[in-house]
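Heads up: the structure comes next, in structure tokens.
Where a number appears in this text, it was derived from the coordinates with a stated rule and is not lab data. In this text the structure is predicted, and so the values were computed from the model without any measurement. Neighbour counts run over all protein chains shown; Cβ positions are idealised from the backbone, glycine included.
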Amino acid sequence: MADEEDDIILSELETEDLVLQMHDDLYDGLKEEIEEGVNILLERGWAPYKVLTEALVAGMTIVGNDFRDGILFVPEVLLAANAMKAGMAILKPLLAETGAPRMGKMVIGTVKGDIHDIGKNLVSMMMEGAGFEVVDLGINNPVENYIEAAKKEEADIVGMSALLTTTMPYMKVVIDTMVEQGIRDEYIVLVGGAPLNEEFGRAIGADAYCRDAAVAVETAKDFIARKHNQVAAG
Amino acid sequence: MQHVDPRDSAQPSDTTLTEVGIAAARNTASRVLVIGCGAIAREILALKAVNQWDHIALTCLPAILHNHPERITPAVEAAIEKHRADFDSIFVAYADCGTGGLLQQACERLGVEMIAGPHCYSFFEGNAAFAAQADAEITAFYLTDFLVRQFDAFVWRPLGMDRHPELRHSYFAHYTKLVHQAQTDDPELTANAKECADRLGLTYERRFTGFGDLATTLTAVARQSL
């Protein structure tokens, strides 16, 4: 995708072409180009939320789809994510100022005994991109971290990630503790990670297993909508 | 137990074990087939040779399946179905290996046994010992002898670090040390493992494991089938 783009000057592109070019640049993991593109769109009067959704999230969705379909692999997704993160760093303070829509709040972390955070970081980023406020607990989290943060932050969603077969059972410890404390139904519990599957998610009592970041976003939106509907009906 | 050195046997190349595996070489004495991972083929062949387990045949699946654990269970199932009519029994020389319990379920369904434990790092060290120190070692990145030899094929290239060395931080920021679980005493391999640690920016620790639970497990399989 990148070969013929050496001579492209982003600031000279029509806005529509610039956005498409940014999708290509995200796909190719070109961090500096994404930062430049974000700044150009802002200078042209785009609202930060519009830049986020139409330039970055839409571009990252293409990356996510190609990862799901086996066209892209982890290194390419990481490069794209790093580029998107750079763009989001510019937008984040502006989004807070301009009052972007808020979908809900998520507390997310990698479970105790596990230090892997690539998948968790991707989910965090895409959730933020979709308008969720994300509190990232980092890696190696005991049950107390999840529960304290969920209560303190008044979270809607608790997200847990694990890469190892040996650490994924800890998700059940967290959910069981939530049940014991009578707070399980106060939260939407989403789980993900390479060795997990839907059956495991059901068996441990999670609300859903999310196979990738895009699915996590859609699942979260779906559950939040149901929660709002329940409140409205109640 | 006798000293076992995988370098003593006629061995398939590491590249073959990574990408292709090895086909079952059946002889008239073969009654048991071990379906193993290419990453431990050398060790199994060495055990077979030194113990004269002529009644055990070995086939190995490509070790690189480990980079796509979801492909391991179907591949093992297919191998069992392909060979089961030709042998009295089959043993699966895989641990869970990132299959999330699916390989265990498949083996139970098909009536074959497999190696206990989460992965080869665990059974080489001994499952009990590995589990006992797991909490203290969550920032350790393990390499067996085979993985030291195939570091580029399993780690460096698949993670894209040959093309994008800047990704090292994304993958290894939370790791602190590389533990080389040595199955053999090999100064050249030790030097290579140290170099792997340097490339990943990790401290290096060599830990001789020998064959651990792999030896005891296969010895039990061999005895049961005599």
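Structure notes:
- R0 of 30 Å, Cβ-Cβ distance A:GLU180-B:GLU70: FRET efficiency to nearest 0.05: 0.35
- Förster-model FRET efficiency, 56 Å R0, A:VAL173 and B:ARG31, C-beta, rounded to 0.05: 0.80
- Taking other C-beta atoms within 10 angstrom as a stand-in for reagent exposure, A:VAL179, A:VAL189 fall in the order A:VAL179, A:VAL189, fewest first.
- In straight-distance terms, cross-link reach from A:LYS152 covers every one of the lysines whose alpha-carbon lies under 17 Å from its own, apart from those fewer than eight places away in the same chain; here that gives A:LYS105.
- Take the Cα of B:TYR204, go 7 Å toward its beta carbon, and the backbone nitrogen atoms of region B:161-184 under 17 Å from that spot belong to B:176-184.
- Projected label distance in nm at A:THR15 and A:ASN229, using a 7 Å step from Cα toward the beta-carbon: 3.5
- Region A:1-67 and region B:69-94 have Cα centres lying 48 Å from one another.
- Full-stretch length increase - B:ARG163, B:THR16 - with 0.36 nm per residue and alpha-carbon distance subtracted: 50.5 nm
- Cα-centred dipole magnitude for region A:91-234, charges only on beta-carbon of K, R (+1) and D, E (-1), debye, nearest 20: 120
- Residue of B:ARG199, B:ARG26, B:ARG42 that the Gaussian network model of chain B assigns the largest fluctuation, springs spanning Cα pairs under 10 Å: B:ARG199
- Linear extension gain, A:GLU218 paired with A:ARG68, 0.36 nm per residue minus alpha-carbon span: 52.5 nm
- Estimated dipole of region B:122-208 in Debye, rounded to 20 [Cβ of Lys and Arg +1, of Asp and Glu -1, Cα centre]: 220
- Angle in degrees between helix A:143-153 and the longest Cα principal axis of chain A, rounded to the nearest 10: 60
- Inter-part distance where region B:102-142 and region B:154-226 are each reduced to a Cα centre, Å: 15
- The mean sequence separation of alpha-carbon pairs under 8 Å and at least six residues apart, normalised by the residue count of region B:122-208, gives a relative contact order of 34 percent.
- Helix-only mean residue ellipticity at 222 nm for chain B, each DSSP H run of n ≥ 4 adding -39500 (n - 2.57), per residue, nearest 500: -10500 deg cm²/dmol
- Per-residue mean of C-beta atoms belonging to partner chains within 10 Å, peptide A:68-81: 3
- Gap separating the Cα centres of region B:20-58 and region A:82-150, nearest whole Å: 49
- Spacing of the modelled spin labels on B:GLN52 and B:HIS174, each 7 Å from Cα toward Cβ, amounts to 5.1 nm.
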